[in-house]
Amino acid sequence: MSFINYSAREINCKIVYYGPGLCGKTTNLQHIYKKVDPAAKGKLISLATETERTLFFDFMPLHLGEIRGFKVRLHLYTVPGQVFYDASRKLILKGADGIVFVADSQLERMESNIESLQNLEQNLGEQGLSLEKLPFVLQYNKRDLPNVVSVEDLQRALNSRTVPWYEATATTGVGVFETLKAIAKLVLQELKKKE
Amino acid sequence: MPPGGSNLIILDEDFKRINASLTRLNQEARGKAVFLIDKNGQLIASQGETAGLDTTSLASLTAGNIAATGGLAQILGEKEFSVLFHEGERDHLHISIVAQRVILVVIFDNRSSLGLVRLRVKKASEDLTRIFADILKKLEREAGKARALFTTQFAEITDEDIDNLFAKG
């Protein structure tokens, strides 16, 4: 649910990074925060535990610039990935304009990826939404690790909708901006369509 | 609000009414600053001493706060907790839900009091509820017109325009 302020000529869109625990959602945001011009970003807020596990959400506003006189601003959120934080995840999903699913490419995390994607589908369903209707992209993260599943297998397991997907290593920033750009584009295109 | 909701579109005249109402509230409650925030965490309007404040983060965290409290309410079988109060050493926060849709925040210090703020917030809530009822009515009635206005400007946007947004990054 984007918020369009005619008076300030601003478009605000909410993008949510979803995925299993420790897949790198917060790392994605941290990389974006590090690389973006200070004038274009607000504070990165992390509501995390002492061991840096996300407790409620991370949040970062990002000014993309202007198109045709409209200031475009993205609000980036991550959800807590751990299974038992489902109530928090549902809250953060509310009003999302676009979703990035960050998958952990490691073989032993495949089950968690699938479980988390099903959890996402279910939580969206409760709000009368679905991944078919929302701008949605996939990121296969941690490609630098030795025990990763092949992209073909990840595709088969997670991308039955054939949405755009990106390989990434969020710790070094590989693929992070490609993913962000793709979801921002889809969200803005959707806005055009809807209106 | 239906699940998923519709886009919130506020036109200039209503935005001015909202701001006038917030200014009045801030003066009458002897507040430092007042904010109106969408439940999704978008700042709609603010008045008062907002210069030194990170308003975007304030909006997002307030919405998170309301969402979490709403979750607690559900567990207890309540519809919502419509008022939250946070007391600090110097500044205090009064947070309330207006028209089940937006969040009204008043920041005040010891020049005012919780009683006064509550009283004035109640009055301002009625005012804002009317304004938002008008906005929603207008959206229904003039949804076509508002969309047309947006479409003419936004439909011209090309993929190249969107690419250009990222050219700097």
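What ranking, highest mean first, results for peptides B:157-166, A:39-48 when packing means the other Cβ atoms within 10 Å averaged over each residue?
A:39-48, B:157-166
Using a 7 Å offset from the Cα along the Cα-to-Cβ direction at both B:Lys123 and B:Asp163, what is the distance between the two label points in nm, to one decimal?
Each label point lies 7 Å from its Cα, and together they span 5.7 nm.
If you plug each phi of the stretch B:47-61 into the Karplus form 6.51 cos²θ - 1.76 cosθ + 1.60 with θ = phi - 60°, what whole-Hz ³J(HN,Hα) values come out, in order, with x for Gly and Pro?
Residue by residue, the stretch B:47-61 yields 9, x, 7, 9, 4, x, 9, 7, 5, 5, 5, 4, 5, 5, 5 Hz.
Check which residues have an amide H placed less than 5 Å from B:Ala45's amide H, if you skip close sequence neighbours.
When sequence neighbours closer than 5 places are left aside, the close amide H contacts are B:Leu36.
How crowded by other chains is A:93-99, given as the mean number of beta carbons from other chains within 10 Å of each beta carbon?
3
Take every Cα pair under 8 Å in the stretch B:12-142 that's 6+ residues apart, average their separations, divide by the length, and report that relative contact order as a whole percent.
For the stretch B:12-142, the relative contact order is 27 percent.
Beyond a 29 Å Cα-Cα separation, which of these cross-linked pairs lie in this structure: A:Lys43/A:Lys133; A:Lys34/A:Lys142; A:Lys71/B:Lys137; A:Lys142/A:Lys181?
Table pairs above 29 Å Cα-Cα are A:Lys43/A:Lys133.
Positive end of the dipole of chain A, charges at C-beta (+1 Lys, Arg; -1 Asp, Glu), about the Cα centre: which of A:Asn113, A:Thr162, A:Pro20 has its Cα farthest in that direction?
Positive-most Cα among the choices belongs to A:Thr162.
Using the Karplus equation 6.51 cos²θ - 1.76 cosθ + 1.60 (θ = phi - 60°), what ³J(HN,Hα) coupling, rounded to whole Hz, does each residue of the stretch A:68-73 give in order, writing x for Gly and Pro?
6, x, 9, 6, 9, 10
For chain A, what does the relative contact order come out to in percent, with C-alpha contacts under 8 Å and a separation of six or more? Show your work: numbers first, answer last.
Working: 359 pairs, mean separation 45.2, N = 195.
It comes to 23 percent, rounded to a whole number.
Whole-Hz Karplus ³J(HN,Hα) for the stretch B:81-88, in order, using 6.51 cos²θ - 1.76 cosθ + 1.60 and θ = phi - 60°, x for Gly and Pro?
9, 7, 10, 10, 10, 10, 9, x
Mind checking which of B:Leu58, B:Leu76, B:Leu11 has the largest fluctuation in a GNM of chain B, springs on alpha carbons under 10 Å?
Among B:Leu58, B:Leu76, B:Leu11, the largest GNM mean-square fluctuation belongs to B:Leu76.
Partner chain Cβ atoms within 10 Å, averaged over the residues of A:180-189 - can you pull that number for me?
What the average comes to for A:180-189 is 3.
In debye, nearest 20: dipole of the stretch B:12-142 around its Cα centre with unit charges on the Cβ of K, R (+) and D, E (-)?
Working: 18 positive and 18 negative charges, 75 e Å.
In total the dipole reaches around 360 debye.
Restricted to Cα positions, what overall size does the protein assembly as shown have along the principal axes? Three whole-Å values, descending.
Result, largest extent first: 64, 48, 39 Å.
For the pair B:Asn110/B:Thr152, report the inter-label distance in nm, with labels modelled 7 Å from Cα in the Cβ direction.
About 5.7 nm, to one decimal.
Using amide H atoms built in the peptide plane, which far-off residues or other-chain residues are under 5 Å from A:Phe136 H to H?
Here A:Ile99 satisfy the definition.
Positive end of the charge dipole of the stretch A:3-194 (Lys, Arg +1 and Asp, Glu -1 on Cβ, about the Cα centre): tell me which of A:Ala103, A:Val83, A:Val176 has its Cα farthest that way.
A:Val176
Name the residues whose placed amide hydrogens come within less than 5 Å of the amide hydrogen of A:Tyr17, ignoring near sequence neighbours (fewer than 5 apart) on the same chain.
Sorted by chain and number, the residues that satisfy this are A:Tyr77, A:Thr78, A:Val79, A:Val100.
Dipole magnitude of the stretch A:1-144 about its Cα centre, charges +1 at Lys/Arg Cβ and -1 at Asp/Glu Cβ only, in debye to the nearest 20?
In total the dipole reaches around 620 debye.
At 0.692 mPa s and 37 °C, plugging the Kirkwood radius over alpha-carbon pairs of the stretch A:1-158 into Stokes-Einstein gives what diffusion coefficient in µm²/s?
Stokes-Einstein gives a translational diffusion coefficient of 200 µm²/s.
Just so you know, all these numbers are worked out from the coordinates, no wet-lab data involved. Remember, it's a predicted structure, so these values are computed and weren't measured experimentally. Note: ideal-geometry Cβ built from the backbone for every residue, glycine included; neighbour counts use all protein chains shown.
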